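What follows is a short report on a single structure.
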Amino acid sequence: KQVVLFYRLTKVLISYCFILVIAEMQRGRYAALAIAAVVIVVGIPLWWKTTETYRAWLPFSEISELDSLQLQLSVDIEVVFSRGTLTPEQQKKFPLSHVNQKEHQVDAKTGLRYKYETRYRTATIMEEDALNQPTADLSLHMLSESSCGSVVVYVIPESAALLPEDVKVYVGQRRTALLRSPPFKSSWSLKEVLSNLDMEVEQVVSTMSFSHQDIVAALSDRVRMAKVTKESMADSMRAIKSSPGYEITFSLLNPDPRSHSLHWDIEGAVQSCIQPLLNKLAPIANFSVDSQILYYAVLGVNPRFDNSVSAYTLSADSLSHVINPVEARLGSNAASSNPVLNFLLYVPDSHHSPLFIRDHSKREVPSNAFHSPRWGGIMVYNVNEMYGPEAERPVDININMAKVMGVFLAQLRLMLGVQHTHPPTGFVLQSPGSAGLADWELDRLLWSRSVENIATASTTITSLAQLLDQIGNIVINDNIAQQVSSAVTSLQSAVAELEAGNLAFALQYSREAILASERAFFDPSLLHLLYFPDDQKFAIYIPLFLPMCVPIVLSLLKIVSEAKKKRADKQAKSD
């Protein structure tokens, strides 16, 4: 009985243990399946969501359209015939208008279209009175101010005494020009008169408005240099790049303060000579002006003494070595990122006076000054004739600021992109006077700057879009997306305003576009050093996830194999 009881107890215990083992195995399967389900359903999506790169939406389709830039520049031209230029029969057909278009394909992705809308009319009584005054340009301006970018041509009789006999066209300070009428036959129709006048008007417009080469030079960020003439490229390379603001610094270099005590009224000179120009250029950029006096500052180049003229000279080849030693003494405004234009007035010491600059032809430069593209200019101011050898040292010297500022003003115009105008024979261009810049010269600059801003901003935005598209793990924050969208919208508005002929608005929108595009492109969050390549990511994640994933995967494989075995056993029993 005891043996039987022991046997039964042992059998029950073994059955219970077997049941426990089966239950534990079942629990293990369920645990493995539960862990796998949690990892797949919760873990992986959570990890994916918490580690994904945030990329705000960008208007890639609109940016791709900017890669192919098609610009239309529209110019409003008004041709006004004064009394005595047309017959009464011809005047009856006024007013009328005519549209002329020219197309130029610069390259595969850049095209230009020029639209000239010309309106013809006769002069009013008040305009006739203004044309009879000696100051016709000012009088016509007082009657009505022309819009920015437009051109008004007044055709006066061939026998009019308002212009000298050898002058065919007079271009004033504003946006008006006086054109001496070519000889017309009374039997001509109005169409023949206008066709005979078209060539003259076209020459006036090309002088007062943009030229094709100027616009192509402004597109230098997009087109190859071969598309631009040497003269236009030289003007473009001389001018400083478009910027929201500029720092202008006037420096007086006194290498020998023991001999010369220099006095210059730089504040008054800036207010009278430079500030009027800066006021007219206010739509283009913001300007800040400062000045300084540097003592014991030398040029860094030893001038040579020329016995033939009993003076020291600087050759054109040595001028390139003058700037670097001087620039180290100038300092810079660390609080501003705007480009700096430097204008230096150098007074030679008594041991190297007088000092003259010579050009490549070994001739003395009349202004005794030179300029460096996109940097500034230097003028040498000799004072040796202002005192005798027995004068008490230091000698008090008052600098003629009118002479100095005349040179610096001419250099500043070149640095800011006011290009040289070469009018045809018979044209007379009135000096801009105290304003420093004629209205039509400002328009020429506005055309170039608007196109340059559009070209630069479009290139920057398309380059940024290509970068973000190629590198998918760069974070695109909301502020970057906002700047990109703002730049694209401003670019589209600038192109539309150019097409409508609204030059002032086109410049404003182009400035906003280049500001937004630069801020987006140089945002610190886009630095490539903040992101890792894929192989480094795998090197980080594999030691973390591999120890956890191996048991789960092995358990799942074991469960699958057992399920297959059970299915095979059932199939065998049924057979």
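The values are calculated or read from the model by the stated rules, or taken from the named source; none is laboratory data. None of these values were measured; they are calculated from a predicted model. So basically every Cβ, Gly included, is an ideal-geometry build from the backbone, and we count neighbours across all protein chains shown. Areas reflect the complete protein model, heavy atoms only, side chains present, ligands, DNA and RNA absent. Shrake-Rupley method; radii C 1.70, N 1.55, O 1.52, S 1.80 Å.
Tally the DSSP beta bridges in the chain and give the antiparallel ones as a percent, rounded to 5. If we restrict to bridges inside the chain, about 30 percent are antiparallel. How far, in degrees from 0 to 90, does helix 503-521 lean away from the longest principal axis of the Cα atoms of the chain, to the nearest 10? Between helix and principal axis, roughly 40 degrees.
A crude spin-label estimate for the pair Asp396 and Leu557, with each label 7 Å from Cα along the Cβ direction, gives 10.1 nm.
Antiparallel beta bridges, as assigned by DSSP with both residues in region 70-217, represent about 40 percent of the total such bridges.
The accessible surface of region 244-416, taken with every protein chain in place and a 1.4 Å probe, is 48 percent carbon and sulfur.
Give the residue from Ser259, Val404, Ser68 lying farthest towards the positive end of the charge dipole for the chain; charges sit on Cβ (+1 for Lys and Arg, -1 for Asp and Glu) and the dipole is referred to the Cα centre. The one lying farthest along the dipole's positive direction is Ser68. When each of the peptides 187-194, 376-383 is scored by the mean number of other C-beta atoms lying within 10 Å of its residues, the order from highest to lowest reads 376-383, 187-194. Applied to region 408-424, the Karplus parametrisation 6.51 cos²θ - 1.76 cosθ + 1.60 on θ = phi - 60° returns per-residue 3J(HN,Hα) values of 5, 5, 5, 5, 5, 4, 5, 5, 8, x, 6, 7, 5, 10, 10, x, x Hz, with x for Gly and Pro.
Just want the answer: with Cβ charges of +1 for Lys and Arg and -1 for Asp and Glu, which residue in Ala108, Val418, Phe305 is farthest toward the dipole's positive end in the chain? Selected residue: Ala108.
Our helix-only sum for the chain, with -39,500 (n - 2.57) per DSSP H run of n ≥ 4 divided by its residues, gives a mean residue ellipticity at 222 nm of -14500 deg cm²/dmol.
Here region 59-185 is assigned +1 on the Cβ of each Lys and Arg and -1 on the Cβ of each Asp and Glu. Its dipole about the Cα centre then comes out at about 400 debye.
Rg and Dmax of region 416-462, based on Cα coordinates, read 14.5, 46 Å. Rg of the Cα atoms in region 244-416, relative to 2.2 N^0.38 Å, amounts to 1.05. Note on the chain: dipole from Cβ charges, positive end direction compared against Ser147, Val365, Gln430; the farthest Cα belongs to Ser147.
Taking the square roots of 5 times each eigenvalue of the Cα gyration tensor of region 455-575, largest first, gives ellipsoid semi-axes of 60, 19, 9 Å. Here the dipole of the chain is about 4100 debye; that uses its Cα centre as origin and unit charges on the Cβ of Lys and Arg (positive) and Asp and Glu (negative). Restricting the count to DSSP beta bridges whose residues both fall in region 143-189, what percent are antiparallel, rounded to a multiple of 5? Around 40 percent antiparallel, to the nearest 5. Each 10 Å bin, from zero up to the one with the longest distance, holds this percent of the alpha carbon pairs of region 348-505: 8, 22, 22, 18, 15, 11, 4, 1. Based on Cα contacts under 8 Å between residues 6+ apart, the chain shows a relative contact order of 17 percent.
Computed packing ranks the peptides 198-206, 210-218 as 210-218, 198-206, most packed first, by mean other Cβ atoms within 10 Å. Calculate the translational D of region 70-217 in whole µm² s⁻¹ from Stokes-Einstein, where the hydrodynamic radius comes from the Kirkwood formula applied to all Cα pairs, the temperature is 10 °C and the viscosity 1.306 mPa s. Stokes-Einstein gives a translational diffusion coefficient of 97 µm²/s.
Angle of helix 439-470 to the longest C-alpha principal axis of the chain, folded into 0 to 90 degrees and rounded to 10: 10°.
Size descriptor for region 70-118, Kirkwood hydrodynamic radius: 13.2 Å (Cα pairs only, one decimal). Around the Cα centre of region 48-97, unit charges on the Cβ atoms of Lys, Arg, Asp and Glu (plus for the first two, minus for the last two) sum to a dipole of about 220 debye. Heavy-atom accessible surface of Leu442, to the nearest 10 Å², is about 20 Å², with a 1.4 Å probe and all protein chains retained.
Protection proxy ranking for 95-104, 283-292, 498-507, 465-474, using the average of other Cβ atoms within 10 Å per residue and placing the highest first: 498-507, 283-292, 465-474, 95-104. Averaging the Cα positions of each part gives two centres, and for region 378-400 and region 273-307 these lie 20 Å apart.
Equivalent ellipsoid of the chain: semi-axes from √(5λ) of the C-alpha gyration tensor, largest first, are 76, 40, 18 Å.
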